[in-house]
Amino acid sequence: MPSRIPLPAFCCFLLPWAFTSFHKALGNPAPHPGPHYLLPPIHEVIHSRRGATATLPCVLGTSPPSYKVRWSKVEPGELRETLILITNGLHARDYGLLGGRASLRKGHRLDASLIIKNVRLEDEGRYRCELINGIEDESVALTLRLEGVVFPYQPSRGRYQFNYFEAKRACEEQDGRLATYGQLYQAWTEGLDWCNAGWLLEGSVRYPVLTARAPCGGHGRPGIRSYGPRDRSRDRYDAFCFTSALAGQVFFVPGRLTLSEAHAACRRRGAVVAKVGHLYAAWKFSGLDRCDGGWLADGSVRFPITTPRPRCGGLPDPGVRSFGFPRPQQASYGTYCYAEK
């Protein structure tokens, strides 16, 4: 007669298998029985501004006998990571991605947190702190998110003139960089409504719609509309740029100036004609509010409105208004200047 397995022994055999299968069914791995050295971060998203100092936390709960900690940045839209630095707890080697602005906090012997000084626009993104101990590596991922503003941009030639690489360069020339999808989505939640499609950093082409209407993609639901995959070299659209807080100051010089006279007026004041990104940042972070149109460095004429009012742009919402690109010889406007502090 075959022997039977007692019920308690059968349950002890079955439960570990069932527990592991349950985790796999949920898409989560079963807890690893070995030690985990890295403490989970309290906040996975770190907020900062351009020019500030940001700290990305990475702390060990206990120290392995031998280990290295590797910091890298996950590049958006690319399946690769760029090395920032490696430390063994005593010495660190900087690989130069952040131009010498990266260092370790070293608050205590188990602290491998990354400090980034003078944060730049291109620093925003996802970072990985990886513990390498030769047995089982583990890592924590953190996101550095900059406070900023997204603005649509097109050149004087009109709409849909940029391929991806030209759009990227245009944003950089206006003190910005191509916005990410996350930045465009945040701007949409804050009121950005724009019918022209523009390139984003990941290489997609989209536009944000708050009020659905026939000339703007039809009467569907509000949201971020997508044009799907596009050829980065051949296809042409506008650009959505992103900028953050300024190190300097934007101010207005009144007058009836041509564009060349505007440049001279700013130079006499130890400044330069402001770029489009400068004006948007001053509007967003300094509350710049002025009804007067002024020349900007790209040859456009714009003015920032924080408090909408009659005969000051005619629109009910705050924003930066545009008069387009007048003839450079047209002596009709003042100018917005930018000076470093």
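The values are calculated or read from the model by the stated rules, or taken from the named source; none is laboratory data. Predicted model only: the values in this text are computed from it and were never measured. Cβ atoms come from the backbone with ideal geometry, glycine included; neighbour counts cover every protein chain shown. Side chains are part of the model used for accessible areas, which takes the heavy atoms of the whole protein and leaves out ligands, DNA and RNA. Shrake-Rupley method; radii C 1.70, N 1.55, O 1.52, S 1.80 Å.
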Fill in the blank from the handout: Zone reached by a paramagnetic label modelled 7 Å from C312 Cα along Cα→Cβ, restricted to the stretch 273-295 with backbone N below 19 Å, covers 279-295
Handout entry: Accessible carbon and sulfur surface of the stretch 245-339 relative to its total accessible area, %, 1.4 Å
Key = 51 percent
Exercise for the section: Treat each spin label as a single point 7 Å out from the Cα along the C-beta direction, and report the R169 to V272 distance in nm. Expected result: 1.7 nm
Exercise for the section: Note down the magnitude of the dipole of the chain about its Cα centre, charges +1 on Lys and Arg C-beta and -1 on Asp and Glu C-beta and zero elsewhere, to the nearest 20 debye. Expected result: 680 debye
Problem - Extreme residue, positive dipole direction of the stretch 38-146, given options I132, I115, H43 (C-beta unit charges) - result: I115
Exercise for the section: Quick one: which residues, 5 or more positions from L85 or on another chain, have an amide H under 5 Å from its amide H? H modelled 1.01 Å from N in the peptide plane, none for Pro or chain starts. Expected result: W71, Y95
Exercise for the section: Convert each backbone phi in the stretch 248-257 into a coupling constant with the Karplus relation 6.51 cos²θ - 1.76 cosθ + 1.60 (shift: θ = phi - 60°), then list the ³J(HN,Hα) values in order as whole Hz, x for Gly and Pro. Expected result: x, 9, 9, 9, 9, 10, x, x, 10, 10
Handout entry: Residue among S66, S156, S260 with the largest mean-square fluctuation in a Gaussian network model of the chain, springs linking Cα atoms under 10 Å
Key = S66
Exercise for the section: Divide by every residue of the chain the summed helix terms, -39500 (n - 2.57) for each DSSP H run of at least 4, and state the resulting mean residue ellipticity at 222 nm, rounded to the nearest 500 deg cm²/dmol. Expected result: -5500 deg cm²/dmol
Practice task
Based on a Kirkwood Rh over C-alpha pairs, give the Stokes-Einstein translational diffusion coefficient of the stretch 241-289 at 20 °C and viscosity 1.002 mPa s in µm²/s.
Solution key: 184 µm²/s
Completion exercise
Quick shape check on the stretch 245-339: root eigenvalues a ≥ b ≥ c of the Cα gyration tensor, a/c under 1.5 is rounded, otherwise prolate if a/b tops b/c, else oblate, and it reads oblate
Problem - Computed magnitude of the charge dipole of the stretch 245-339 (debye, nearest 20; Cβ of K, R +1, Cβ of D, E -1) - result: 140 debye
Handout entry: Cα-centre dipole for the stretch 38-146 with unit charges at Cβ (Lys and Arg positive, Asp and Glu negative), debye to 20
Key = 480 debye
Problem - Under 19 Å from the Cα of K168 - aspartates and glutamates, other chains or at least 8 residues apart - result: E75, E78, E122, D123, E124, E202, D231, D235, D238, D298
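Could you state the per residue volume, in Å³, of the convex hull enclosing the Cα atoms of the chain? Working shown, then result.
Working: hull volume 75.2 nm³, N = 341.
In the chain, the Cα convex hull volume per residue is 220 Å³.
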